[in-house]
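So the structure is just underneath, and the comments pick up after that.
Quick note: the coordinates plus some simple rules give every number you see, no bench work behind them. Being a predicted model, the structure only gives us computed values, none of them experimental. Note that we place each Cβ from the backbone using ideal geometry, even for glycine, and neighbour counts take in every protein chain shown.
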Amino acid sequence: MNNFKSWSISILVLLLAFILYSLLGAVDPALVMLVNPFAVVVLLISIIYGELGGLLMGTAAGLVQDAFSYGVFGLAGFSYIVSGFLAGWFSHKLNLNSFIKRTLFSFICSLLQLSLWVVLYALIFKKSLLYSQPFIYLQPITTAFLVSGLIWLFRKLELKGEVG
Amino acid sequence: MSLLRLVKNKFFLAGFLFLFHLILISSQVPLGSKQTLLEKMAFQLFSPVQKMVVSGINFLKSTHAEINQLTFLREENQQLKKEIFFLAQEKQILSRKLRYYRSEKELEENLAGLRQMVIPARLLGFETANFYRSGVINRGYQDRVVKNLPVCDRRGNLVGRTAEPLSAHEARVVMITSEESGVAVISVTDRMLGILTGDGQGRCLIKYVMASSNLGVVGDEIETSGLDKVFPAGIKVGRIISIVSEKGMFKQILVQPYFDLRELEVVGVLRENVP
């Protein structure tokens, strides 16, 4: 997260995530539970730019998500910074060049983020999200595939840019 | 070590952000605290984007619907012309009858008053964690929206109440299907009183009806009683779908609300208690 380009990409990705979140909510509110664009961007930026990027994107995406929810402000941000930091930390120590490895890694990180969020939510609200939202079980899978696919696309575009 | 180098240190930043979030969360517990300045800032920064997206989708939807309807327009037009003719006749008869009861001026004044009581609003989005809990509407304090105003769907069924407005043109709606909601209700047939709260899964529960009570019929309609001084009496809420008396001291009465989440594009905020 050192140069202007990476900052611009991060801001653009967050904006796109918010547009996708608004779109999904307008089409069918249940889709917001199935595809969480904020979780996707946090993992995406963490894997591409490392733990520092993950921390900053986790804070920004979490605060935006919480601003549009009726609850405790900072709850999503907390789960995102932990998962973002760990995803960025481990992604640079592991070999994530293949699509399957990347998907599996993203799935574990997404599961960790979701678990943390559900546990904190249950602690504060004394209510589990696991019974009310059936789509929540599929969220880590969709997040993993989206993150993996987007990283593949990002690297393709980056390579093309370098050749061009 | 300079401040910039300290900030760039990932462990320092991680610790700082971890602590920042913990302080942020702890400052809002117990629940019910006011929105923080940071929350309001984040909301106001991104709400124009959400407005644009929702407006774009609504435009596409309406354009698509208009194209579909174009083929039926001619037939419908002829039919409407006929209907207008009969309605004009009917109106003449009704106007004469109305004039008999009260003067036209008085009637117009009453109608104008009623219109001012309702603030039409568009639902911009739902909560990510649970869309049965809350949504955001495009009306705020500049549109005379304040906390605890009833919100109804286009058919007049109760949707929820407003929370404290987030900005000049945005406010949050706490739905009746939310666990945080509480509405004083009454059943239409046997006048059973109770407190309606959400189950967080799209349905509502009527609380505090004794298990020994004879009141409560499956299929009965539920409306607001007005006893909570927040919701005016007589707003339709839903229908009882099941009653369990065997478990515990109180009956477990499940209510299916009338409003449909997928049809909540436009809602009405009742500014004052409609008589």
* Structure fact -> Cα extents of the stretch B:224-264 along the principal axes, largest first, in whole Å, come to 35, 29, 12
* Stretched out fully, how many nm does the piece from B:Lys61 to B:Asn214 gain, at 0.36 nm a residue minus the Cα gap? -> 50.2 nm
* To do: Specify the angular offset, from 0 to 90 degrees and rounded to the nearest 10, of the alpha carbon long axis of helix A:139-163 from the longest principal axis of the alpha carbons in chain A.
  => 20
* To do: Please give every one of the lysines within straight-line cross-link reach of B:Lys81, meaning a C-alpha to C-alpha distance under 24 Å, and leave out same-chain neighbours fewer than 8 residues apart.
  => B:Lys91
* Asked: What nm distance separates the two modelled labels at B:Glu265 and B:Val146, each placed 7 Å from Cα along Cα→Cβ?
  -> 3.2
* Taking a threshold of 32 Å on the Cα-Cα distance, which of the pairs B:Lys40/B:Lys61; B:Lys61/B:Lys229; B:Lys40/B:Lys251; A:Lys93/A:Lys127; B:Lys229/B:Lys251; A:Lys127/B:Lys229 fall above it? -> B:Lys61/B:Lys229; B:Lys40/B:Lys251; A:Lys93/A:Lys127
* Asked: For the stretch A:86-155, how big is Rg over Rh, using alpha carbon atoms and the Kirkwood form of Rh?
  -> 1.07
* To do: Would you kindly calculate the mean projected area, averaged across all directions, of the convex hull enclosing the Cα atoms of the stretch B:121-275, in square nanometres?
  => 8.7
* Asked: If one takes the longest principal axis of the Cα atoms in chain B, at what angle in degrees, from 0 to 90 and to the nearest 10, does the Cα axis of helix B:37-70 lie?
  -> 40
* Asked: For the stretch B:14-28, in order, what is each residue's ³J(HN,Hα) by Karplus, 6.51 cos²θ - 1.76 cosθ + 1.60 with θ = phi - 60°, in whole Hz (x at glycine and Pro)?
  -> 4, x, 5, 5, 4, 5, 4, 5, 5, 5, 4, 5, 5, 5, 9
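Viscosity 1.002 mPa s, temperature 20 °C: Stokes-Einstein D of the stretch A:46-140 from its Kirkwood Cα radius, in µm² per second?
Details: Rh = 13.9 Å.
Value of D from the Cα-based Kirkwood radius: 155 µm²/s.
Please sort by residue number the trypsin sites (Lys or Arg not before Pro) in the stretch B:173-275 whose DSSP state is loop and whose Cβ has at most 12 other Cβ atoms within 10 Å.
Numbers: sites: B:Arg191, B:Arg203, B:Lys207, B:Lys229, B:Lys236, B:Arg239, B:Lys247, B:Lys251, B:Arg262, B:Arg271; in loops: B:Arg191, B:Arg203, B:Lys229, B:Lys247, B:Lys251, B:Arg271.
Of the trypsin sites (Lys or Arg not before Pro), the ones in loops of the stretch B:173-275 whose Cβ has at most 12 other Cβ atoms within 10 Å are B:Arg191, B:Lys229, B:Lys247.
With the Cα gyration tensor of the protein assembly as shown in hand, convert its eigenvalues to equivalent ellipsoid semi-axes via √(5λ) and list them largest first in whole Å.
46, 28, 21
Per residue of chain A, what 222 nm ellipticity follows from adding -39500 (n - 2.57) for every DSSP H run with n ≥ 4, rounded to the nearest 500?
Result for chain A, helices only: -26500 deg cm²/dmol.
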* Translational D (Stokes-Einstein, µm²/s) of the stretch B:9-69 at 10 °C and 1.306 mPa s when Rh comes from the Kirkwood sum over C-alpha pairs? -> 104
* Would you please give the FRET efficiency between B:Gln44 and A:Lys127, computed as 1/(1 + (r/R0)^6) with r the Cβ-Cβ distance and R0 = 30 Å, to the nearest 0.05? => 0.55
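For chain A, how big is the tail of P(r) above 23 Å, as a whole percent of Cα pairs?
Value for chain A (Cα pairs over 23 Å): 34 percent.
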* To do: Kindly express, to the nearest 10 degrees and within the range 0 to 90, the angle between helix A:75-91's C-alpha long axis and the longest C-alpha principal axis of chain A.
  => 30
* If you put +1 on each Lys and Arg Cβ and -1 on each Asp and Glu Cβ, how big is the dipole of the stretch A:4-154 around its Cα centre, in Debye rounded to 20? -> 240
* Rounded, prolate or oblate (a/c below 1.5 giving rounded, otherwise prolate when a/b exceeds b/c) for the stretch B:117-159 by Cα gyration tensor -> oblate
* Asked: For B:Phe259, what charge total do you get from the other residues with a beta carbon under 11 Å from its beta carbon, if Lys and Arg give +1 and Asp and Glu give -1?
  -> +1
* To do: Report the far tail of the P(r) of chain B, meaning the percent of Cα-Cα pairs longer than 35 Å.
  => 38
* Structure fact -> What helix-only [θ] at 222 nm does chain B give? Using -39500 (n - 2.57) per DSSP H run of at least 4, over all residues, to the nearest 500, the answer is -12500 deg cm²/dmol
* Under a cut-off of 13 Å between alpha-carbon atoms, report the aspartates and glutamates in cross-link reach of B:Lys10, not counting same-chain residues fewer than 8 places apart. => A:Glu51
* Structure fact -> Which of B:Ile253, B:Ile57, B:Ile235 fluctuates most in a GNM of chain B (C-alpha springs under 10 Å)? That residue is B:Ile57
